[in-house]
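Values in this text are rule-based calculations from the coordinates and carry no lab data. Note that the coordinates shown come from a computational prediction; the quantities given were computed from them, not determined experimentally. Because the Cβ atoms are built from the backbone with ideal geometry, glycine has one as well, and the counts that use them run over all protein chains shown.
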Amino acid sequence: MSALTVLFIGGSGTISSASTRLAVERGIDLHVLNRGASTTRPLPDGVTVHRADVRDPGSMREALAGLEFDAVVDWVAFTPDHVRADIELFTGRTGQYVFISSASAYQTPPARVPVVESTPLRNPYWQYSRDKIACEDVLVEAYREQAFPMTIVRPSHTYDKTLIPLDGGWTAVQRMRDGKEVVVHGDGTSLWTLTHHADFAKGFVPLLGHPRAIGDAFHITSDDAPTWDQITRALASAAGVEARIVHVPSDVIAAADPAWGAGLLGDKAHSMIFDNSKLRTVVPDFRATIPFEQGAREIIDWYDGDPARRQVDPRLDTLMDDLVQRFRVG
């Protein structure tokens, strides 16, 4: 049986990089199309690289002239226009087109948990999520009307060693190392599913070229759902300190910083737990095995490896000082 020939548009990002490595390890003939920008996640040996601007259809056609694929994955499609351009380019040239959506597209706040793939898609709080929903609508119509062989994948909060899940990134970690309080939204007890990108890859790569994935949607998440207080304390422990947490209502944060608030009210403020049973009907051996405590150590080790990575945002640091002053207890 010949190897699958797969194209990743993107492939060196937070979520995609582990899938790139695993695809190569499993013998997939992997092609990656990107602009060749420098990255902290270099592509593995064995990848065929094509250079093009993914937002320039002419550049894409030139780079991929004459090529056909068993599967195409667009890791960097965010709007319906991006998806329509892909449909035009890849119709008749791929056996499967995989769109990377987002679990934030699910009903927010959820009416019930755990979330399943049939949970309604509705997020009135976050434009990013509404754009992903609109992309899915375009693909569903293309599948129904043209039999376009699409598969939708919805990651939840997927991280690697470079991505700190706390809002504020390194600013929050540095505050903890400096003995300052750190802001956690709500009362810190909402449950949040965090998925290491290596675990995501174990569920994702087997979907490539899988006939039962065509026309369907799957989320791929861990079953690990710590509270936000636990997430904060895990990072503090990995950083060698204890967390001093101050709880601030999400709507107060949103009023003080609309961008921060959009991600809270549109996603992180609500408990999100997922049922991966549907994925396991297609990938029966899927199991996420990396707890966030391990991931937190990887994150801190990576940031500690180079002082240039440890950037503090002065504006956000000042905002956190203000919120802490207002909501500190005692």
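Tabulated values for the structure
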read-out: Kirkwood hydrodynamic radius (C-alpha pairs) into Stokes-Einstein, the range 99-152, 20 °C and 1.002 mPa s, D in µm²/s; value: 183
read-out: Burial ordering of Glu145, Glu242, fewest other beta-carbon atoms within 10 Å first; value: Glu145, Glu242
read-out: Ala262 paired with Arg35, simple spin-label distance in nm, labels 7 Å along Cα-to-beta-carbon; value: 2.0
read-out: Inter-part distance where the range 199-266 and the range 93-116 are each reduced to a Cα centre, Å; value: 14
read-out: Whichever aspartates and glutamates have a C-alpha closer than 15 Å to that of Lys278, once near sequence neighbours (fewer than 8 apart) are set aside; value: Glu117, Asp216, Asp223
read-out: Sequence-distant aspartates and glutamates (8 or more away, or on other chains) whose Cα lies within less than 14 Å of Lys268; value: Asp167, Asp187, Asp229, Asp251
read-out: In Å, descending, principal axis extents of the Cα set of the chain; value: 67, 43, 38
read-out: Inverse of mean 1/r across different Cα pairs in the range 210-330, Kirkwood, Å; value: 17.6
read-out: Charge dipole (debye, nearest 20) of the chain; +1 at Cβ of Lys and Arg, -1 at Cβ of Asp and Glu; value: 220
read-out: Environment charge at Ser104 (Cβ cut-off 15 Å; Lys +1, Arg +1, Asp -1, Glu -1); value: 0
read-out: Difference of contour (0.36 nm per residue) and Cα-Cα distance, Glu293 to Phe78; value: 74.3 nm
read-out: Under-5 Å amide H pairs with Leu33, H placed in peptide plane, nonlocal only; value: Phe8, Ile9, Gly10, His50
read-out: Neighbour net charge for Ile152 - beta-carbon separation under 11 angstrom, K R +1, D E -1; value: -2
read-out: Ranked by how many other beta carbons lie within 10 Å on average, peptides 62-74, 98-110, 156-168 from highest; value: 98-110, 156-168, 62-74
read-out: Pairwise centroid distance, computed over Cα atoms, of the range 270-330 with the range 121-137, Å; value: 23
